[in-house]
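All remarks here apply to the structure that follows.
The numbers here are math on the coordinates, done by the rules we state, and not lab data. Note that the coordinates shown come from a computational prediction; the quantities given were computed from them, not determined experimentally. Note that we place each Cβ from the backbone using ideal geometry, even for glycine, and neighbour counts take in every protein chain shown.
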Amino acid sequence: MSDEEFDPTTVPAFPVLTLAMEGEQLVTLNGLPVDVPEGSTPTEAGVAAAAQQAAQLGLDAVRVRAVVDNTEHRMVVTADGAAHELAMPAPETEQKRSRLPLLIALGLAVVIVVGGTVATLAVVLQPGPAPVATADPGPPGAGANIPVLVPPGFSEQAAWSLPIAPRSEPRLIDDQRLLITTNSGELNLVDAAAGAVTWRGAQAPRANDVVHASEVQGRLVLATGESSLTLWPLDTDQSPVAPVEVNVGRSAKVTYLGSQPLITLPDQTAGLFTSDGLKLTDVPVTAVPILSGREGIIAANEESWWTLTADAAPVKKPLPRPEGVEGAPLLISAADDDTLIVVWSQRPALTVTLVDLPSNMTTLTAPMNARITAQDVPIHAADAETLTLGEAFIDYSADPRAVALPSRITPVAVSGSTVYGTESNKAVLVDASAATPSSEPFTTLTTGVSESPLAVLTTTVYVTSEKVDQTLVYASTATRGHAP
């Protein structure tokens, strides 16, 4: 693209590099010295260093705050070394979806380390105030007839119901909060028992973007994005809470197996949120990053696993292997920060193992005839330490167990040891506490309805349905003594 076609004002507001100069004597980029090659001026060297940073971050251009003899200038530097002057910004008063101003307002610091160079936003992490719950107006929509099937043992009358955006899917964040998207384009956290809105977030993502409960710098957030990262802090009294977009690089992949978002980049590199911000760290050759947790990033290959932190050398340990098992694992996943799930492909069956990371001990070895693929991602219960992985049910509590689910089932939701899903285009549930689980249809009647509950707790299931001119989410509570 030519200089005439390039518009520097379209470059994202984050990250911002700080280039400092004092006359012709000092040049630093984010506090680190910049070498001035012979025959080059300090200005040229500083611009070249900023261009190198942009290229290493996978960006076409990056914003730069240049401070020359205590006078501030703003510019954009492209990855090929062109500098474009920017007008100094006017004071920002309107709350909108922005990057750097929101990071400052919310106290999220971001630090990026690439090739030994540190790029720091001078932002101090401040604890946010406690969330303020909306006063409970009473269960909305209580007593309404639910127009779709609910599982056996649950009421056909709603404990509450709320309108939601069409094609959106409510999601249990934990055993007390359900996340919904409203018709006005907001994210709302709803009290799972009463249907009262307790938190509001502006600008919900697209309907097919999954939102995860996560942590960033010790703060609880909602997070979404697979090649980008958008955060909504939960510990602020703003209402609605504006989203924060974190630029993680054009080639990044974001996953959510651990308590923090894991940012994986090319060339054996991963991103780690620390108390100082986001840092990039090297991943040992042949290892694949699995999760980002409170102790650091966990990476593994077929023989070893590593804990990667921002400020220390990687800690390597052997990956426990079941006796008699050979070859590489089919899949290495995770149940939580402390528990790896390793699936070994052993004909004619698979072997599922759980590895407790603090002790590096295998807590479960379970051969089974179940279909699991390398692309499968766990579906967690919100009210228990249980999950499904492909066609396997796994309990990763202090008394772990794993069993194969009926073949051809597609799990949708899990509560305790009950799995809800579809089988042969019919809604079914499975009692996974049985030694050989089998499926049970919701009804013996011919209904043409195949949907399972989209979210489940032991005492409540949540279903969605079109109702005349709107889409509703319904909460159905268990009938005493009859719920699975």
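Spin-label point model (7 Å from Cα, Cβ direction): what's the Arg347 to Lys317 distance in nm?
Label-label distance for Arg347 and Lys317, simple model: 3.4 nm.
Once the convex hull of the C-alpha atoms of segment 143-271 is built, how many Å³ does it hold per residue, rounded to a whole number?
134 Å³
From the phi angles alone, apply the Karplus equation (6.51, -1.76, 1.60; θ = phi - 60°) to segment 379-391 and give each ³J(HN,Hα) in whole Hz, x where the residue is Gly or Pro.
10, 8, 7, 7, 10, 6, 8, 9, 7, 10, 9, x, 9
Along each principal axis of its Cα atoms, how long is segment 398-460 end to end? Whole angstroms, biggest number first, please.
Computed over segment 398-460, the largest-to-smallest principal extents equal 41, 25, 16 Å.
If Lys and Arg each add +1 and Asp and Glu each add -1, what is the summed charge of the other residues whose beta carbon sits under 9 Å from the beta carbon of Leu17?
Taking every other residue near Leu17 into account, the sum is +2.
In whole Å, how far is the Cα centre of segment 211-288 from that of segment 297-367?
23 Å
Sequence-distant or interchain residues sharing an amide H contact under 5 Å with Ala61, placed H: which?
Sorted by chain and number, the residues that satisfy this are Ala79.
Taking R0 as 25 Å, what's the FRET efficiency between Asp209 and Ala142 from their Cβ-Cβ distance, rounded to 0.05?
That gives a FRET efficiency of 0.20.
Provide the net charge surrounding Leu234, with neighbours chosen by a C-beta distance below 15 Å and charges set as Lys +1, Arg +1, Asp -1, Glu -1.
Here the count lands on -2.
Taking R0 as 22 Å, what FRET efficiency do you get between Phe6 and Glu44 from their Cβ-Cβ distance, rounded to the nearest 0.05?
0.70
What's the ranking of 191-204, 69-82, 145-158 by average number of surrounding C-beta atoms within 10 Å, highest first?
Ranked by mean Cβ neighbours within 10 Å, highest first: 191-204, 145-158, 69-82.
State the dimensionless ratio Rg/Rh of segment 191-332 (Rg: radius of gyration of Cα atoms; Rh: Kirkwood radius).
Looking at segment 191-332, the ratio lands at 1.04.
Would you mind checking which residues have amide H under 5 Å from Ala142's amide H? H placed 1.01 Å from N; only 5 or more apart, or other chain.
Placed amide hydrogens put Ser161 under 5 Å from Ala142.
Testing the spin-label approximation: label points 7 Å from Cα along Cα→Cβ at Glu226 and Glu440. State their distance in nm.
Computed distance between label sites Glu226 and Glu440 equals 3.5 nm.
Cβ under 10 Å from Ser415's Cβ, Ser415 left aside: what net charge do those residues give with Lys, Arg +1 and Asp, Glu -1?
Net charge around Ser415: -2.
Taking one equal scatterer on every alpha-carbon of segment 236-315, how large is log10 of I(q)/I(0) by Debye at q = 0.20 1/Å?
For segment 236-315 at q = 0.20 Å⁻¹, log10 I(q)/I(0) is -0.85.
If packing is taken as the average number of other Cβ atoms within 10 Å across a peptide's residues, how do 466-472, 220-226, 250-256 rank, most packed first?
Highest-to-lowest ranking by the protection proxy: 220-226, 250-256, 466-472.
Would you report the distance distribution of C-alpha pairs in segment 298-395 as whole percents per 5 angstrom bin, up to the bin with the largest distance?
Result, from short to long distances: 3, 13, 25, 24, 19, 10, 5, 1, 0 percent.
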